[in-house]
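Taking it in order: structure first as structure tokens, then the write-up.
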Amino acid sequence: MSKIQEVKELVEGGKSKKVAAAVQKALEAGDKAQDILDAMVASMGVVGEKFSAGEIFVPEMLIAAKAMSKGVEELKPVMAGDSSSSLGTCIMGTVAGDLHDIGKNLVVMMLESAGFDMVDLGVDVPAERFVEAIKENDNVVLVACSGLLTTTMPALKEAVQTIKAAMPEMKVIVGGAPVTQEYADEIGADGYAPDAGSSAAKAKELIGA
Amino acid sequence: MLTAKQNLQETIKGGKPDRFVNQNEFLEFVFEAPMTSFCTGPGTEIEDEWGILWRWPEGQLGPFPVHDEEHKVIKDITEWKQYVKTPDHYKNPEAWIEAKEHVKQIDQNEKYITIMFFPGIFEMTHSLMGMEDALMALYEEPEAMHELIDWYTDYLLDYAKVLIEQIGPTAIYQHDDWGSQISTFMSPETFKEFFLPSYKKIFSFYKENGVELILHHSDSYAATLVPSMIEMGIDIWQGVMTTNNIPALIKEYGGKISFMGGIHSGEVDFPEWNEAIIKEHVDRICKKCGQLYFIPNLTQGADVSSFPGVYEAVTAEIDRISKEMF
Ligand code: B12
């Protein structure tokens, strides 16, 4: 098996304790850091698809994301200063009045694995905080808002509309169990994805990557 | 007319109920039984007997366990023994006085003496260390997770002994959310490995000691866990959401287990609720599921709603449709 293939399988299988060494070996064998990174991104794509299809579950996804981040740690010193692989910054948070964060965290991991620089604002995020964060950070290309309670759907709407009022060009993606494509359209969001697996593809599509 | 209890039995045994079992009418919750502490309202926080810090911020619908590095109870699952403490508040007979008074007043022809348990075994693991750590540990440190689960199982069994001695419940209503609306948190195999044996032990112990009915709450998708539910001895799965295809479940498993829920709290229990919305939801689910092995109920569980009047309005609509369908 090629060293890169091994890294890929370790990420898919969530073997976080073994990935770092495998990445080192791949580098020593002459593989380019960028190729190793691309392979890991592809692995997370597979993981996301399996999750969407119901073949794997939250724990498998968490350990795969953890394994990928261990691999990325190893690549960082080699790739320092090289930002060509970044898709830009994405701001994400759970909207005001809502404290659920498992779904949001999974989406953060998937978008990060896909190549976004993630800024996680946490939970119970007021609409204006999203706007402030867009201003405080460089190269923000996307805002992602999560809401899990039907009672916080108005807060999701407010978040989208506050962001759009301040920056009409900013792309906004929404999600969470009670959110539907129709609701996303109704409140003026640019995109929606039903689960973390499909969120990365949708996010990339929105920014034209 | 059958009593609420008889009507329930007819419904879950495939006999001849004379109306829908209306939500929790066959249960009398004895909330006075000693439980660990919980937040009392918005703006409060409390550290419970397990050391878990619960916070209920103003303006929020309910409390949340705090899981930053400082407040997680278990900071390293392999060292779990060093972090946990086991409450013994329930061992003091005085803690049971009020519950005993309550039990005396229950008409057992109508209702089951019911104890509601929170948290469930899975919920305990994530209350102690956060959902991510708990789920990853199932893979990364399975042995330590098994030990932790055994520790809590032993606690639940010790509690059960005292509970049976003190008040002799006839129904147990166990809370443990096992999934989101569209999937389970873990695969059915992982669930079987970690959670089935413990629940089987606990529920069998109850059944051997006077408990006639085991209800389990998980307001989620969990259709793939139904075989395990049956194996562990659950009589009624409460909280079943429509994402499960309830009519198909009734067809496949009716007689072995019954399904209670089908009316999504998220869709009817909100500030702008009205009777028309509730009627539509109640009608749809009752007509789809039919008279046997099904109990129409708000998915959230217990005999409450988040917004005043919703629970009662659902009860009234079930009464109405019972008259039409029976
Ligand atoms: C786990 C859970 C909790 C945990 C949360 C732990 C945590 N750290 O988040 C605890 C126990 C603490 C909790 C507390 C409460 N909860 Co809760 N909780 C749940 C539960 C069981 C699962 C939610 C979950 O984590 N799902 C798993 C993840 C992976 O799925 P997900 O969140 O849907 O996310 C996926 C997609 O939606 C999508 N996605 C999510 N966000 C985004 C964003 C974008 C941009 C995109 C593209 C995609 C996307 O991708 C994710 C991954 O695939 C649900 C039940 C259910 N059936 O959903 C109730 C539920 C959401 N909770 C509910 C309630 C009422 C509460 C409480 C008020 C309870 C109380 N009375 O104390 C408090 C809430 C306090 C608050 N203000 O928020 C209700 C909401 C009802 C309603 N009105 O809508 C539910 C539906 C249960 C019910 N009673 O019916 N809860």
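Derivation of every value follows stated rules applied to the coordinates shown; laboratory data play no part. Here the structure is a predicted model, which means the values were calculated and not measured. Positions of Cβ are backbone-derived with ideal geometry, glycine not excepted, and every protein chain shown enters the neighbour counts.
Quick look at the values:
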{"item": "Fraction of antiparallel bridges per DSSP, chain B only, in percent to nearest 5", "result": "25 percent"}
{"item": "Those chymotrypsin sites (Phe, Trp or Tyr not before Pro) in segment B:12-93 that DSSP places in a loop and that have at most 15 other beta carbons within 10 Å", "result": "B:F31, B:F38"}
{"item": "Average silhouette area of segment A:88-207, convex hull of alpha-carbon atoms, in square nanometres", "result": "5.9 nm²"}
{"item": "Neighbouring partner chain Cβ atoms per residue of B:138-147, average, 10 Å criterion", "result": "2"}
{"item": "Per-residue mean of C-beta atoms belonging to partner chains within 10 Å, peptide A:53-64", "result": "6"}
{"item": "Residues B:K251, B:K75 arranged by fewest to most Cβ contacts within 10 Å", "result": "B:K251, B:K75"}
{"item": "Segments A:161-174, B:115-128, A:91-104 sorted - mean Cβ within 10 Å per residue, highest first", "result": "A:91-104, B:115-128, A:161-174"}
{"item": "MRE, 222 nm, helices only [DSSP H, n ≥ 4, -39500 (n - 2.57), over the protein assembly as shown, to nearest 500]", "result": "-14500 deg cm²/dmol"}
{"item": "Using distinct alpha-carbon pairs, which all enter the 1/r mean, Kirkwood radius of the protein assembly as shown in Å", "result": "25.0 Å"}
{"item": "Residue mean of other protein chain beta carbons inside 10 Å, A:108-117", "result": "0"}
{"item": "Cross-link pairs A:K15/B:K81; A:K66/B:K81; B:K72/B:K200; A:K8/B:K81; B:K201/B:K288 - those with Cα-Cα distance over 27 Å", "result": "B:K72/B:K200; A:K8/B:K81; B:K201/B:K288"}
{"item": "Packing rank of B:154-160, A:193-199, where each peptide gets the mean count of other beta carbons within 10 Å, highest leading", "result": "A:193-199, B:154-160"}
{"item": "Alpha-carbon gyration tensor eigenvalues x 5, square-rooted, for segment B:176-240, Å", "result": "21, 13, 8"}
{"item": "Counting DSSP beta bridges with both ends in segment B:47-204, the antiparallel % (nearest 5)", "result": "50 percent"}
{"item": "Percentage relative contact order, chain A, counting C-alpha pairs under 8 Å, at least six apart", "result": "19 percent"}
{"item": "In degrees, nearest ten, helix B:131-140 long axis to first principal axis of chain B (Cα)", "result": "70 degrees"}
{"item": "Column: log10 I(q)/I(0), Debye, Cα scatterers of segment B:282-326, q = 0.16, 0.23 Å⁻¹", "result": "-0.43, -0.83"}
{"item": "Stokes-Einstein translational diffusion, segment B:1-68 - Kirkwood Rh over all Cα pairs, 0.692 mPa s, 37 °C, in µm²/s", "result": "215 µm²/s"}
{"item": "Of all DSSP beta bridges in the protein assembly as shown, antiparallel share, percent nearest 5", "result": "15 percent"}
